[in-house]
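Participant: This is the structure I want to talk about, given as structure tokens.
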Amino acid sequence: MKFYWLCLIITLSSVIALACSGENDTNTEYVDADSDSDSDSDSDSDSDSDSDGDSDSDSDGDSDSDSDGDSDGDSDSDTDSDSDTDSDSDTDSDSDTDSDSDTDSDSDTDSDTDSDSDTDADSDTDADSDTDSDSDTDSDSDGDSDSDTDADSDSDTDADSDTDSDGDADAIEQIVDDLLSNLNDDQKIGQLVQAQFMDISTSTARDLCFGSIFNGGGEDPVGPNNNPETTASKIDAMQTAVIDGCGIPILYGVDAVHGNATLPGSTIFPHNIGLGAAGDADLMERIGRATAIESRGTGINLNFAPQISVVRDIRWGRAYEGFGETPEINSEMGAAYIYGLQGMGNLEDEASMAATAKHYVGDGGTTDGTNLGVSEFSVDVLMAVHLPPFEAALDADVASIMPSYHDWTRDGITYEMTADTYSLTNLLVDDLGFNGIRLSDYDAIARLSGGEERYTLDKVTTCLNAGIDMAMIAMSIQTGPGWTSGSDGIAEFMSAARSVSSSRIDDAVRRILRIKVKMDLFSNNFSKAFSNSSLRSQIWSSEHQALAREAVQKSLVVVKNDGALPLDKGEAVHVSGPFADNMGAQAGGWTLDWQGSANYSNSQLQGETIVAGMQSVGSNVSYDASNPSGGSGDKVVVVIGEYPYAEGFGDHGARMSFDPNDTSAPIASVYLSDQPNYNVLTSALSSGKSVILVILSGRPLIMDQSVIDGCDAIVAAWLPGSRGIGVADVLFGDVSPSGKLSHTWPKSLDQEPVNVDLAVGERGNDADSTDILYPYGYGLTY
């Protein structure tokens with residue numbers, strides 16, 4: 001509590017000082033104003049660390065808040081007006097022209113005179129009468145005092161950090177510095193840990209000052225056996241413990257990838273492949289907002305979403321988590337979703353949650369679409385195809401970025417993304433100016449190649465020095481084929497992290513604290529850090545139900561219609577296929593549990609199945625799961641598709657089982673003919689009835705020509721989630737279909753990968769010159 005009052009006094013002092021100085025900052029709540037006028041005088045002493053371990057890029061994550069993006073750790077108030085002239089020891093000559101869009105024109109000339117300790121004396125004279133006097137001590141994060149071997153360095157990354165979207169970046173940095181100064185070395189390292197809930201106790205969380213706690217796919221306190229109230233109470237208990245221990249709230253993270261679908265009772269929206277087909281940015285913002293409301297209601301304030309990977313191969317088991325095959329669709333939809341998640345652009349909003357753009361960068365382009373595979377393309381291909389969605393995410397002020405498990409081979413050398421200094425620091429921070437959290441994937445550090453899967457000194461120091469700020473830790477230290485508790489992995493990580501330079505640790509902690517301050521988690525006795533009963537009451541609200549239904553309606557893509565659709569509400573229609581009455585199948589993976597399941601009872605998920613929706617819209621709808629010849633009408637709707645899966649278990653040809661020796665488990669396949677209950681479709685085609693095929697899948701499936709010719713209508717419903725009635729709305733014509741394919745639909749598997757707009761040097765087939773089935777952007781209406 002003393003710590004809270006200290007923060008409050010500091011904040012009030014800053015406000016009074018700004019008022020007395022006559023500052024007129026017209027920026028409010030994530031809106032850039034035309035000009036800010038500051039008159040400050042700061043004297044800072046900074047310790048900067050080059051997180052790549054090589055050159056002094058001053059990428060310690062601190063925002064000098066100069067318009068040249070100098071992130072040397074200064075807490076200056078350089079919220080600049082139209083022009084800044086900086087005079088640094090790095091001899092920068094900047095000319096920044098800022099407008100609402102913060103368009104800078106910078107010319108940086110660095111001239112560094114370095115010694116072993118690299119002590120820089122900076123004197124910044126800005127056009128806004130902001131005079132800073134800084135004393136910087138730089139050291140490389142590898143411990144060398146080789147400091148400041150610059151690649152256009154001192155981190156003049158032109159991030160245009162002078163106008164933070166909350167209108168007061170300098171005040172945030174001052175609070176961050178004050179918070180950091182009150183942490184001891186062990187607590188700082190604790191902030192770098194994202195611990196799995198099931199592996200820790202409240203006493204451990206209190207003692208170790210964890211920066212974050214998370215759930216995997218469906219573990220306690222979310223998952224099939226919980227509800228919003230019990231989940232909220234358990235998360236709040238962890239939050240209380242950590243705040244009591246060190247005064248720093250946690251970020252609580254989950255994979256809410258299509259609504260907070262791992263928590264029973266939540267609204268489940270279509271997976272991203274369907275939302276990419278909808279192509280509606282406003283819809284994405286509203287879905288992001290609804291997901292944040294339902295999550296924050298239970299104390300969850302960090303989302304491991306959205307996946308904005310450009311999916312260039314449908315054989316990949318994570319294809320449905322991306323919005324489509326082009327950088328454009330992923331950029332637009334991803335940025336809109338981030339905006340909605342993060343309080344419609346205001347992280348301080350009580351209904352906002354920190355978004356995580358993943359997986360950085362290029363995992364949608366691995367060879368053969370292999371999960372955890374290798375991407376083999378040049379830097380030019382990465383820049384043209386895979387990086388743009390992350391640039392858009394940064395423009396949306398995304399709080400966190402998660403690097404991928406995959407490897408990237410460039411110039412003949414293979415780099416593991418979690419340990420790739422070029423990707424994590426040189427490109428993401430130095431070039432793009434990212435100042436948020438770089439969060440490792442699930443045990444990605446322990447899974448680096450070489451030796452046991454554990455948190456060794458070499459793996460931990462390599463990844464932290466490369467730029468990882470927070471480690472997601474779940475795997476325990478291996479002892480033979482089994483594991484002990486996950487807390488062993490935490491202990492090993494924390495021990496190894498003590499070998500990393502204090503400046504790199506401080507940089508990482510600043511990045512974590514910066515997001516927490518931006519989210520206003522410290523204010524009003526930490527009230528925003530806890531669950532919110534008012535928001536919790538909005539879980540599965542009528543508004544969210546209507547939004548989910550709208551999302552389903554807009555996501556459906558009709559790829560064939562020979563007059564069979566729309567159905568007449570009064571005509572006799574027979575429905576067949578067990579997936580027509582299966583909530584788990586229509587929700588897909590990442591639902592209640594990591595892999596999802598087609599074996600859930602329908603009562604476990606909110607909403608209605610497709611057949612239930614059809615029976616509520618049409619007046620003469622019959623159903624038989626296995627007999628398509630039943631019913632009195634001459635039309636049959638057959639609903640079949642893929643079993644639910646997640647990640648590598650959905651890779652084409654992969655065994656869908658945790659046990660590789662379980663030969664009874666199905667094999668994931670992109671062929672429609674390999675899907676369960678395909679015999680229902682073949683029976684329907686021989687029944688003499690008019691056949692309307694509805695496919696539930698996470699990607700376009702390869703279809704036999706006999707199916708294409710035999711069906712009178714074919715509808716890609718993707719993985720629609722809660723509201724099966726949205727499918728019925730389109731089938732019966734209450735809503736005209738509007739969805740368009742966000743993937744090229746191939747005729748045969750040997751065409752994969754096949755995509756539009758191939759970059760120079762990119763492997764695969766060009767859709768424009770390949771005999772495909774349906775083109776990108778295709779979709780019928782009526």
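Participant: Let me understand segment 630-706 better: what is its radius of gyration from the alpha carbons, and its Dmax, in angstrom?
Facilitator: According to the Cα coordinates of segment 630-706, Rg and Dmax are 14.6, 46 Å.
Participant: Could you pull out every residue, at least 5 positions away or on a different chain, whose amide H is within less than 5 Å of the one on Gly265? Hs are placed 1.01 Å off N in the peptide plane, and Pro or chain starts have none.
Facilitator: Gln606
Participant: With point charges of +1 on the Cβ of Lys and Arg and -1 on the Cβ of Asp and Glu, referenced to the Cα centre of segment 569-720, which listed residue (Ala580, Ser616, Val694) lies farthest in the positive direction of the dipole?
Facilitator: Looking along the dipole axis, the top candidate is Ser616.
Participant: Among the listed pairs Lys358/Lys560; Lys358/Lys459; Lys689/Lys747; Lys234/Lys528; Lys560/Lys740, which are separated by more than 24 Å between their Cα atoms? Can you show the working numbers first?
Facilitator: Details: Lys358/Lys560 34 Å; Lys358/Lys459 21 Å; Lys689/Lys747 26 Å; Lys234/Lys528 16 Å; Lys560/Lys740 12 Å.
Result: Lys358/Lys560; Lys689/Lys747 exceed 24 Å.
Participant: Here is a follow-up. For the pair Ser769/Glu391, report the inter-label distance in nm, with labels modelled 7 Å from Cα in the Cβ direction.
Facilitator: 2.6
Participant: Which value, in Å², gives the accessible area per residue of segment 388-494 when a 1.4 Å probe is used on the protein heavy atoms?
Facilitator: Numbers: 3380 Å² over 107 residues.
Per-residue value: 32 Å².
Participant: Using a 10 Å cut-off on Cβ atoms, rank the peptides 396-408, 652-664 from the highest mean neighbour count down. It would help to have the intermediate numbers written out before the result.
Facilitator: Values: 396-408: 24.5, 652-664: 12.9.
Result, highest mean Cβ count within 10 Å first: 396-408, 652-664.
Participant: Using a 1.4 angstrom probe, figure out how much accessible area segment 636-782 has per residue, in square angstrom, rounded to the nearest whole. Walk me through the intermediate numbers first.
Facilitator: On the way: 5140 Å² over 147 residues.
Per-residue accessible area for segment 636-782 comes out at 35 Å².
Participant: I need the phi-derived Karplus couplings for segment 200-205: 6.51 cos²θ - 1.76 cosθ + 1.60, θ = phi - 60°, integer Hz, Gly and Pro marked x.
Facilitator: 10, 10, 5, 5, 5, 4
Participant: Ok, one more. Between Val379 and Gln604, what length comes free when the chain is fully extended (0.36 nm per residue of separation minus the Cα-Cα distance, one decimal in nm)?
Facilitator: Values: separation 225, 0.36 × 225 = 81.00 nm, distance 4.61 nm.
Computed gain between Val379 and Gln604 is 76.4 nm.
Participant: Using a basic spin-label model with each label point 7 Å from the Cα along Cα→Cβ, how many nm lie between Ser629 and Ser736?
Facilitator: Between Ser629 and Ser736, the label points sit 3.9 nm apart.
Participant: Quick check: residue separation of Lys569 and Asp709 times 0.36 nm, minus the Cα distance between them. What number comes out in nm? Kindly include the intermediate steps, with their values, before the conclusion.
Facilitator: Numbers: separation 140, 0.36 × 140 = 50.40 nm, distance 2.58 nm.
Taking Lys569 through Asp709 to full extension adds about 47.8 nm, to one decimal.
Participant: Just to confirm my numbers, what's the Cα centroid distance between segment 657-671 and segment 258-282 in Å?
Facilitator: 27
Participant: Let me ask another. What are the residues whose amide H is under 5 Å from the amide H of Val310, where those residues sit 5 or more places off or on another chain and H is modelled from the backbone?
Facilitator: Gly362, Gly364
Participant: While we're here: Quote the accessible area belonging to Lys635 in square angstrom, nearest 10, computed with a 1.4 Å probe and with ligands, DNA and RNA left uncounted.
Facilitator: Accessible area, nearest 10 Å²: 30 Å².
Participant: By accessible area of protein heavy atoms, probe 1.4 Å, what ranking do Thr298, Thr781 get, highest first?
Facilitator: On the way: Thr298 0, Thr781 90 Å².
Highest to lowest solvent-accessible surface, that is Thr781, Thr298.
Participant: Let me ask you something else. If I model a spin label as a point 7 Å beyond the Cα along the Cα-Cβ vector, how far apart are those points for Asp236 and Thr367 in nm?
Facilitator: Taking the two extended label points, one gets 5.3 nm.
Participant: Around Val381, under 13 Å between beta carbons, what's the net of Lys plus Arg minus Asp minus Glu among the other residues?
Facilitator: Details: positive: Arg312, Arg410, Arg763; negative: Glu376, Asp380, Asp411, Asp757, Glu762.
With Lys, Arg at +1 and Asp, Glu at -1, the neighbours total -2.
Participant: Based on alpha-carbon centroids, what's the gap between segment 598-624 and segment 719-769 in Å, whole number please?
Facilitator: Spelled out, the Cα-based centre of one part sits 25 Å from the other.
Participant: Roughly what % of DSSP beta bridges within segment 635-743 run antiparallel, to the nearest 5?
Facilitator: Details: 1 of 13 bridges.
Percent antiparallel among DSSP bridges in segment 635-743 is about 10.
Participant: How much of the DSSP bridge set in segment 355-465 is antiparallel, in percent, rounded to the nearest 5? Kindly include the intermediate steps, with their values, before the conclusion.
Facilitator: Details: 4 of 13 bridges.
Percent antiparallel among DSSP bridges in segment 355-465 is about 30.
Participant: Under 13 Å from a label point 7 Å along Cα→Cβ of Glu543: give me every residue in segment 258-290 with its amide N that close.
Facilitator: 286-290, by backbone N distance to the label point.
Participant: Counting only protein chains, not ligands or nucleic acids, how are Met344, Met583 ordered by accessible area (probe 1.4 Å), most first? Don't jump to the answer; show the numbers that get you there.
Facilitator: Working: Met344 65, Met583 5 Å².
Listed by decreasing accessible area, they come as Met344, Met583.
Participant: What residues of segment 712-746 lie in the reach of a label at Tyr778, counting those whose backbone N is under 18 Å from a point 7 Å from the Cα along Cα→Cβ?
Facilitator: Output list for this probe position: 712-718, 737-746.
Participant: Work out how far the C-alpha atoms of segment 392-449 reach from end to end along every principal axis, then list the three figures in whole Å, largest first.
Facilitator: 32, 27, 15
Participant: Could you tell me the calculated FRET efficiency between Glu229 and Ser201, based on Cβ-Cβ distance and R0 = 22 angstrom, to the nearest 0.05? Walk me through the intermediate numbers first.
Facilitator: Working: r = 21 Å, r/R0 = 0.96.
Here the calculated transfer efficiency is 0.55.
Participant: Only four residue types carry charge here, +1 at the Cβ of Lys and Arg and -1 at the Cβ of Asp and Glu. Report the dipole size of segment 215-342 about the Cα centre in Debye, rounded to the nearest 20.
Facilitator: Details: 7 positive and 15 negative charges, 15 e Å.
Rounded to the nearest 20 debye, it is 80 debye.
Participant: So what is the accessible area of segment 282-371 per residue, in Å², with the probe set to 1.4 Å? Please list the in-between numbers first.
Facilitator: Details: 1400 Å² over 90 residues.
Heavy-atom accessible area per residue stands at 16 Å².
Participant: Under a Cβ-Cβ cut-off of 12 Å, what is the net charge of the residues other than Cys711 that fall near it, where Lys and Arg count +1 and Asp and Glu count -1?
Facilitator: Details: positive: Lys560, Lys635, Lys689; negative: Asp562, Asp704, Asp709, Asp712.
Around Cys711, the charge tally is -1.
Participant: Tell me which residues come under 5 Å, amide H to amide H, from Ile437 once H is placed; ignore anything under 5 positions away on its chain.
Facilitator: Ser400, Ile401
Participant: Give me the percent of the accessible area of segment 272-376 that comes from carbon and sulfur atoms, probe 1.4 Å, all protein chains in place.
Facilitator: Numbers: 820 of 1810 Å².
Accessible surface attributable to carbon and sulfur in segment 272-376 totals 45 percent.
Participant: Next question, about the same structure. Can you list the HN-Hα couplings for segment 220-228, worked out from phi with the Karplus curve (6.51, -1.76, 1.60; θ = phi - 60°), rounded to whole Hz and with x for Gly and Pro?
Facilitator: 4, x, 9, x, x, 9, 10, 9, x
Participant: Output ³J(HN,Hα) for segment 243-249: one whole-Hz value per residue in order, computed from phi by the Karplus curve 6.51 cos²θ - 1.76 cosθ + 1.60 with θ = phi - 60°, and x for Gly and Pro.
Facilitator: 4, 4, x, 9, x, 10, x
The values are calculated or read from the model by the stated rules, or taken from the named source; none is laboratory data. Since this is a predicted model, take the numbers as computed values, not measurements. Note: ideal-geometry Cβ built from the backbone for every residue, glycine included; neighbour counts use all protein chains shown. All accessible areas refer to the heavy atoms of the entire protein, side chains included, with ligands and DNA or RNA removed. Shrake-Rupley method; radii C 1.70, N 1.55, O 1.52, S 1.80 Å.
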